[in-house]
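J.: Before anything else, here's the structure in question.
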Amino acid sequence: MAAVHIKLNQHRRRSAIWTMALLGILSIGFADLTSPPDIASSAAAKSPTKGQAKGKSAAKAGGKGKACRRGADTSVDVEALQRQALAAYMKRDFAAAKQLFQKCVTARGRDVSLQYYLGVSSLYAGDFDLTERALCRVVVMTPPQNQFSQLAAKTLKDWKQFCKIQPYSLIHDGRLLRWCNEKEPGEKTKMKTIKIWVADGLQLPAGYVGGELTTDKCKSLYGMFRRPGFFEGLGRVEHYISGYRDVVIKGINDWKWVAPLGIVDFEFVDDPRRADVLYFWCPRSGGDSVGCTYYPWTGSADAVCIVHIETEYLRRWGSRWSKELRDTSCHEFGHVLGLGHSDNEMDVMCGHGVRISYRAKVEYSDASPVTRNDFVSLRALYELPGDAEFEVK
Ligand SMILES: [Zn+2]
């Protein structure tokens, strides 16, 4: 990719005059879009970064994911396609460049610079749908400090066609986590249904409530879940109200409107042994988290996703528990699907206390709290190959 960047730099110097003359009326200068960041920054998308989810709730990353990764399509000569795409781009044939960059990203979805130039080519070809998708993918697959991410975010914010959307980074400890919903290249994509079980007031045994579920604890729980009578023997959590379970389901269903769009699908099951995601209760989940999502750890045949919701916190909300619980449940299910935290207080995935004060200001509405920012981030995640992809049962 280094060669592409050098050529684009040269191209920018030569063509700055015509581009500014042609496109100067637009809200962002062409020079901004064609200034490729140093190629070293794009490597950040692939190298591990440290970061701990903090705030309203946390999501703990699981293992490497099960073996459902799609193999690279080696039949495509991406280098040759890149050269052709660049040639079209330099000739200002953005429609052709768009098509060629599209082929490149089909083979190399996690190449941030290819996604970025697909977005730029599409923008100047007038294909705003594809621009939005490609630039959202750039933001989602990189840490916020990445220069491609910052340029993509600025374009999405500044061009009125994108209605100021603000996708957010979904990199957890350097990786993208998601559920596997596609087959190998060449086969038709098929949606898989994530099966969810929500406990009606049950908590995990002593030693597994009130603190973080470490890798070892999760793995021993997977073994316990297989034991006959395990779920039937679980005790009830303190301060549980019988309506809690229905409100949790309502919060999860706030994501249901994305299912017909072909991104993810899910259903509720009565038998926890059939479930991919298990919601339990706890008096306190520990730290400043009121909910916590633990991704499936692999190396265990029966790895599942575990979500904890704290009752002590809900008790403090008094008569407003329903609104808070629905929002918390919706937020945790966003983590289950692979989303991280947004900095925007309006987004359901905002992970900071500011969202609580935001909600206190707004009128209660029965509408889903999932925003367009949450949606475009989720869509981008499921258009990209993940570093860990969780198989449904
Ligand atoms: Zn959270």
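J.: Could I have the simple spin-label model distance between Arg284 and Ala259, label points 7 Å from Cα toward Cβ, reported in nm to one decimal?
T.: Taking the simple label geometry, Arg284 and Ala259 are separated by 3.7 nm.
J.: Count the net charge of all other residues whose Cβ sits under 10 Å from the Cβ of Cys163, scoring Lys and Arg as +1 and Asp and Glu as -1.
T.: On the way: positive: Lys157, Lys160, Lys164, Arg372; negative: Glu132.
Once all neighbours under 10 Å are counted, the net charge is +3.
J.: For the stretch 191-289, which chymotrypsin sites (Phe, Trp or Tyr not before Pro) are both in a DSSP coil and crowded by at most 16 other Cβ atoms within 10 Å? Please list the in-between numbers first.
T.: Working: sites: Trp197, Tyr208, Tyr222, Phe225, Phe230, Phe231, Tyr240, Tyr244, Trp255, Trp257, Phe266, Phe268, Tyr279, Phe280, Trp281; in loops: Tyr208, Phe230, Tyr240, Trp255.
Answer by residue number: Phe230.
J.: At 0.36 nm per residue, and after removing the present C-alpha to C-alpha distance, how many nm does the segment from Asp366 to Arg226 gain when stretched out fully? Intermediate values should be presented prior to the final figure.
T.: Working: separation 140, 0.36 × 140 = 50.40 nm, distance 3.80 nm.
So the chain would gain 46.6 nm between Asp366 and Arg226.
J.: Let me spell out the model: positive unit charges on the Cβ of Lys and Arg, negative unit charges on the Cβ of Asp and Glu, origin at the Cα centre of the stretch 179-390. What dipole size does that give, in debye rounded to 20?
T.: Numbers: 26 positive and 31 negative charges, 76 e Å.
Its charge dipole is roughly 360 debye.
J.: Net charge around Glu312, counting only other residues with Cβ within less than 11 Å of its Cβ (Lys, Arg = +1; Asp, Glu = -1)? Display every interim value, and only then the final one.
T.: Values: positive: Arg284, Arg315, Arg316; negative: Glu238, Glu310.
It works out to a net charge of +1.
J.: So for the pair Glu79, Asp173, with labels modelled 7 Å out along Cα→Cβ, what separation do we get in nm?
T.: About 3.5 nm separates the two model spin labels.
J.: Right, next: Once you list every other residue whose beta carbon is under 13 Å from the beta carbon of Val247, what net charge do they have if Lys and Arg are +1 and Asp and Glu are -1? If you can, show how the numbers build up before the last one.
T.: Numbers: positive: Arg245, Lys250, Arg320, Lys323, Arg326; negative: Asp200, Asp246, Asp254, Glu324, Asp327, Glu332, Asp366.
So the surrounding residues net to -2.
J.: Pick out, in residue order, every one of the trypsin sites (Lys or Arg not before Pro) in the stretch 103-172 that is DSSP loop and has at most 15 other C-beta atoms within 10 Å; say none if there are none.
T.: On the way: sites: Lys103, Arg108, Arg110, Arg133, Arg137, Lys154, Lys157, Lys160, Lys164; in loops: Arg108, Arg110, Lys164.
Listed in order of number, the matching sites are Lys164.
J.: Between Lys91 and Arg315, what FRET efficiency comes out of the Förster formula 1/(1 + (r/R0)^6) with R0 = 56 Å and r the beta carbon distance, rounded to 0.05? Intermediate results must be reported in sequence, preceding the final value.
T.: Numbers: r = 66 Å, r/R0 = 1.18.
FRET efficiency, Arg315 to Lys91: 0.30.
J.: Give me the orientation-averaged projected area of the Cα convex hull of the stretch 193-337, in nm², one decimal. Working shown, then result.
T.: Working: hull surface 33.6 nm².
Seen from a random direction, the Cα hull of the stretch 193-337 projects 8.4 nm² on average.
Computed from the coordinates by the stated procedures, all read-outs in this text should not be read as laboratory data. Since the structure is predicted, the reported quantities are computational estimates derived from the model, not experimental observations. Every residue, glycine among them, receives a Cβ derived from its backbone with ideal geometry; neighbour counts consider all protein chains shown.
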